[in-house]
1. Identify, please: which residue in the range 133-167 is more than 16 Å from Gly71 (Cβ to Cβ) and among the charged types (D, E, K, R) and is, among those, surrounded by the fewest Cβ atoms within 10 Å (Cβ to Cβ)?
2. Of the numbered conditions (1) surrounded by fewer than 17 Cβ atoms within 10 Å (Cβ to Cβ); (2) closer than 30 Å to Arg196 by Cα, Ser294 fails exactly one; give the number of that condition.
3. Examine the range 106-113 for a residue that is of a type in the set (Gly, Ala, Ser), modelled with pLDDT of 95 or more, within 22 Å of Ser294 (Cβ to Cβ) and within 16 Å of ligand 1 (Cβ to nearest atom), and state whether such a residue exists.
4. Restricted to the range 114-160, and to residues that are more than 21 Å from Thr97 (Cβ to Cβ) and in a loop (DSSP other than H, G, I, E, B), which residue is farthest from ligand 2 (Cβ to nearest atom)?
5. Kindly evaluate Asp85 against the criterion of being away from ligand 1 (no atom under 16 Å from the Cβ) and at pLDDT 95 or above.
6. Out of all the residues in the range 271-291, is one or more closer than 16 Å to Pro211 by Cβ, among the hydroxyl-bearing types (Ser, Thr, Tyr), touching a residue at least 12 places away in the same chain (Cβ under 8 Å) and buried (at least 16 other Cβ atoms within 10 Å of the Cβ)?
7. Give me the residue from the range 288-323 that is in a loop (DSSP other than H, G, I, E, B) and within 16 Å of ligand 2 (Cβ to nearest atom) and, out of that set, farthest from Ala172 (Cα to Cα).
8. Restricting the search to the range 260-275, which residues are away from ligand 3 (no atom under 16 Å from the Cβ) and within 17 Å of the chain's Cα centre (by Cα)?
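The values are calculated or read from the model by the stated rules, or taken from the named source; none is laboratory data. All values derive from a computational prediction rather than experimental measurement. Neighbour counts are summed over all protein chains in view; Cβ atoms, including those assigned to glycine, are modelled from backbone coordinates with ideal geometry.
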Amino acid sequence: MEFGAPHMKLSVPGRVTATAVAATVSLLAGGSIAGAAPAGTSAVAAAPDIPVANVKAHLTQLQSIATANGGNRAHGRAGYRASLDYVKAKLDAAGFTTTVQQFTSSSRTGYNLIADWPGGETNQVIMSGSHLDSVTAGAGINDNGSGSAAVLETALAVSRAGFHPTKHLRFAWWGAEELGMVGSKYYVNNLSTANRSKIKGYLNFDMIGSPNPGYFVYDDDPGIEKTFKEYYAGLGVPTEIETEGDGRSDHAPFKNAGVPVGGLFSGADYIKTAAQAAKWGGTSGRAFDRCYHSSCDTTANIDDTALDRNSDAVAYAVWGLSQ
Ligand code: TRP
Ligand code: CA
Ligand code: ZN
């Protein structure tokens, strides 16, 4: 939602105090909200509304990159590296510390991009990620430009807000997911035991703008699941548990290593039922994404409402789980 998101109870830009009561008292006293938290309590910042136009602008850029590079952004192809360079440049300009992690798969070089937001308890890391590679058949705009753009715009929103939560924020864009989660497996396998245990949550976003969308929440970790469900309850949009191939995305290596995981998904090649169409709209008897892994997965293959809601949910979870 772009205006007056219902979960933002106080429309004070950027910050609200820990309780509505404290904020009301400070307003009556003429105090500033930012300084209203009494000593010993900490202010809790509300998540911003992520502008869906910005998310779509990233998708337009990823589409252009594919078009200029043989029609895809696949592992080992020029379109993948150009996608990574696009995301990295935005993050560098916004003050992130970026790392490109290189690996080899199917005799081709692949890359993960990791972006750390300076500050926070480095032994309490909240990580959000999405795969940035497409299949060779097409541009991969829903799969997974959508997750990549939403995570990017959330990271940029962290910078714009000057958000400095108690926990440390890390963002990741994975390579070679389409070859079997190769990049995310490489990242997890190369973490020391100590660094792995510092990751208190991994949030995965793979396909979140499907053209005939469903609203699916991963049920792996109860705390993370609750956060996403809370966001959707605030919108009055029903959700279902994600079951379209558990373990088919980059959260799987984290889960296997004992990291609490969660995420969102708007559906791939499964067919929307009549019951699902009744609660979410769209077309029953048709796939959530008819262009899954096809050449028609272009910027036309996105439902703006699903992209908007899920992007706002990414920010809601990042803000909510890090402070
Ligand atoms: N990861 C799959 C892909 O990129 C898509 C997918 C299928 C998926 N089922 C899922 C993603 C369940 C997340 C959750 O092709
Ligand atoms: Ca929004
Ligand atoms: Zn895919």
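1. Looking at residues that are more than 16 Å from Gly71 (Cβ to Cβ) and among the charged types (D, E, K, R), I get Arg160.
2. Every condition holds for Ser294 apart from (2).
3. No, there is no match, as no residue in the range 106-113 is of a type in the set (Gly, Ala, Ser), modelled with pLDDT of 95 or more, within 22 Å of Ser294 (Cβ to Cβ) and within 16 Å of ligand 1 (Cβ to nearest atom).
4. For the range 114-160, the residue satisfying everything is Thr136.
5. Spelling it out, Asp85 is indeed away from ligand 1 (no atom under 16 Å from the Cβ) and at pLDDT 95 or above.
6. Quick first cut of the range 271-291, residues closer than 16 Å to Pro211 by Cβ only: 271-272, 276-277, 280-291.
Keeping just the survivors that are among the hydroxyl-bearing types (Ser, Thr, Tyr) gives 283-284.
Cutting the leftovers down to touching a residue at least 12 places away in the same chain (Cβ under 8 Å) gives us 283-284.
Narrowing further to those that are buried (at least 16 other Cβ atoms within 10 Å of the Cβ): none.
No; the residues of the range 271-291 include none that is closer than 16 Å to Pro211 by Cβ, among the hydroxyl-bearing types (Ser, Thr, Tyr), touching a residue at least 12 places away in the same chain (Cβ under 8 Å) and buried (at least 16 other Cβ atoms within 10 Å of the Cβ).
7. Quick first cut of the range 288-323, residues in a loop (DSSP other than H, G, I, E, B) only: 288-303, 323.
Imposing the further condition that a residue be within 16 Å of ligand 2 (Cβ to nearest atom) reduces the set to 302-303.
On the way: Ile302: 22, Asp303: 24 Å.
Residue satisfying both the conditions and the ranking: Asp303.
8. Quick first cut of the range 260-275, residues away from ligand 3 (no atom under 16 Å from the Cβ) only: 260-262, 271-275.
Pro260, Val261, Gly262 - these are the residues of the range 260-275 that are away from ligand 3 (no atom under 16 Å from the Cβ) and within 17 Å of the chain's Cα centre (by Cα).
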